[in-house]
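Engineer: Take this structure, written in structure tokens, and hold onto it; I'll ask about it next.
Any read-out appearing in this document is the output of simple, stated calculations on the displayed coordinates, not a laboratory observation. All figures in this text were calculated on a predicted structure; none of them were measured in a lab. Every residue, glycine as well, gets a Cβ built from its backbone with ideal geometry; the counts of neighbours run over all protein chains shown.
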Amino acid sequence: MMSLKNKIVLITGASSGIGAACAKQFAKLGASVLLCARRLDILEILATQIQNDYGVKAHPFQLDVSHHQAVQTILESLPTAWKNIDILINNAGLAAGLDPIQAGHIEDWEEMINTNIKGLLYMTRAILPQMVAKNAGHIINLGSIAGHQVYPNGAVYCATKYAVKALSEGLRMDLLGTNIRVSSIDPGAVETHFSIVRFKGDMKRAEAVYHGMQPLSPDDIADAVLYCAMRPPHVNISEIIIMPTDQASATLLSRKDG
Ligand code: 8X3
């Protein structure tokens, strides 16, 4: 098994949900964690908590991954001790809206495409050359069941996650012959801020998504991310699709009370 002790792990979208769960679980096993998200105040609290609980280093910084120039600048200006990133977890992403294409909101599409596809590419492009130079590293992308199955009214979100699947596959091809690994973790229903964000704060609609069923928790997904990261160097987990027991496909869920 690979040890995570003193490995430098950069997690995007680390302020909540799956990103925050990954930050804690990696830190618990001795990794130094670079935490980025748009909300610095929350990240700072998380970083302090991680340092206190696990005695590891945590460095929070503000970043919107969809801003190319910001990605370049911030990564170049990281303290030297943090520059040598071993594992990049491309977790930042969102769904905005659930509408048929003919009624879709352009700004929702742009936000999803800019973060889920372009943001992932900007981060990867900025960090990958130093991984190639040292011939070591691991990129772990957060995909989705939505990258395997399209569902009604979700086509654009699904398209972004199909893109993540394509990019993970393409990265494995382009990096073939190096020791760099590329994995994709593709969850179904996970209870995070995902649905609250998708429905723009409409708590009723957000809660209905998980009504009567037991969704996955962010820690369930962080477990799978850790599993990939800790395999021996010759083992690359390409893809893990992970759904609640109460879910059989993107649209087929068992709800106990109807
Ligand atoms: C989240 C899963 O099915 O709500 O990516 O799109 S789903």
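Engineer: Hey, which of these cross-link pairs are over 32 Å Cα-Cα: 118/256; 161/256; 7/200?
Structural biologist: From 118/256; 161/256; 7/200, over 32 Å: 118/256; 7/200.
Engineer: Divide, for the chain, the radius of gyration over alpha carbons by 2.2 N^0.38 Å, where N is the residue count.
Structural biologist: The chain yields a ratio of 0.97.
Engineer: I've got another one for you. If you count the DSSP beta bridges with both ends in the chain, what percent of them are antiparallel, to the nearest 5?
Structural biologist: 5
Engineer: While we're here: In whole percent, what relative contact order does region 8-242 give with Cα contacts below 8 Å and a gap of six or more residues?
Structural biologist: Worked out over region 8-242, it gives 20 percent.
Engineer: Among the aspartates and glutamates, which fall within straight-line cross-link reach of residue 24, defined as a Cα-Cα distance under 19 Å, with same-chain neighbours fewer than 8 residues apart omitted?
Structural biologist: In chain and number order, the partners are 41, 44, 53, 86, 191, 219, 220, 223.
Engineer: So, one more: So how do 231-241, 27-37, 115-125 stack up, highest first, on mean other-Cβ count within 10 Å?
Structural biologist: Per-residue Cβ counts within 10 Å, averaged per peptide and sorted highest first, yield 27-37, 115-125, 231-241.
Engineer: Quick one: dipole size for region 192-258, taken about the Cα centre, charges +1 on Lys/Arg Cβ and -1 on Asp/Glu Cβ, in debye to the nearest 20.
Structural biologist: So the dipole magnitude of region 192-258 works out to roughly 240 debye.
Engineer: Provide Rg over Rh for region 148-258; use the alpha carbon set for both Rg and the Kirkwood Rh (inverse mean inverse pair distance).
Structural biologist: 1.02
Engineer: How large is ³J(HN,Hα), in whole Hz, for each residue of region 7-22 in order, when computed from phi with the Karplus curve 6.51 cos²θ - 1.76 cosθ + 1.60 and θ = phi - 60°, using x for Gly and Pro?
Structural biologist: 5, 9, 10, 9, 10, 8, x, 7, 6, 7, x, 4, x, 5, 5, 4
Engineer: Using a cut-off of 13 Å between beta-carbons, work out the net charge of the residues near residue 88 (Lys and Arg +1, Asp and Glu -1, residue 88 not included).
Structural biologist: Net of charged neighbours comes to +3.
Engineer: Let me ask another. Label points 7 Å out from Cα along the Cβ direction at residue 48 and residue 255: separation in nm?
Structural biologist: Rounded to a tenth, the inter-label distance reads 4.1 nm.
Engineer: So what is the relative contact order for region 1-101, in percent, with contacts set as C-alpha pairs under 8 Å and at least six apart?
Structural biologist: Normalised by residue count, the contact order of region 1-101 is 32 percent.
Engineer: Within 12 Å, Cβ to Cβ, of residue 64, how many net charges do the neighbouring residues add up to if Lys/Arg are +1 and Asp/Glu are -1?
Structural biologist: Cβ neighbours under 12 Å give a net charge of +2.
Engineer: Subtracting the Cα-Cα distance from 0.36 nm times the residue separation, let me have the gained length for residue 125 to residue 211 in nm, one decimal.
Structural biologist: 27.0 nm
Engineer: With a point put 7 Å past each Cα toward its Cβ, work out how far residue 5 is from residue 105 in nm, to one decimal.
Structural biologist: 5.0
Engineer: Taking the alpha-carbon distance from residue 165 and a cut-off under 16 Å, which aspartates and glutamates remain once sequence neighbours fewer than 8 residues away in the same chain are dropped?
Structural biologist: Of all the aspartates and glutamates, those that pass the test against residue 165 - Cα under 16 Å, at least 8 places apart if same chain - are 174, 186, 239.
Engineer: Which one of 86, 246, 174 has the biggest mean-square fluctuation once the chain is modelled by GNM with Cα springs under 10 Å?
Structural biologist: In this elastic network of the chain, the residue with the biggest mean-square fluctuation among 86, 246, 174 is 174.
Engineer: Report the calculated FRET efficiency for residue 136 and residue 193 (r = Cβ-Cβ distance, R0 = 41 Å), to the nearest 0.05.
Structural biologist: Rounded to the nearest 0.05, the efficiency is 0.75.
Engineer: At 0.36 nm per residue, minus the direct Cα-Cα distance, what do residue 39 and residue 235 gain on full extension? Give it in nm, one decimal, please.
Structural biologist: Fully extending the segment from residue 39 to residue 235 adds 67.1 nm.
Engineer: Place a +1 charge on the Cβ of each Lys and Arg in the chain and a -1 charge on the Cβ of each Asp and Glu, then give the dipole magnitude about the Cα centre in debye, rounded to the nearest 20.
Structural biologist: With Lys and Arg at +1 and Asp and Glu at -1, about 620 debye.
Engineer: In nm, to one decimal, how far is the modelled label at residue 80 from the one at residue 200, with both set 7 Å along Cα→Cβ?
Structural biologist: Output for this residue pair reads 4.9 nm.
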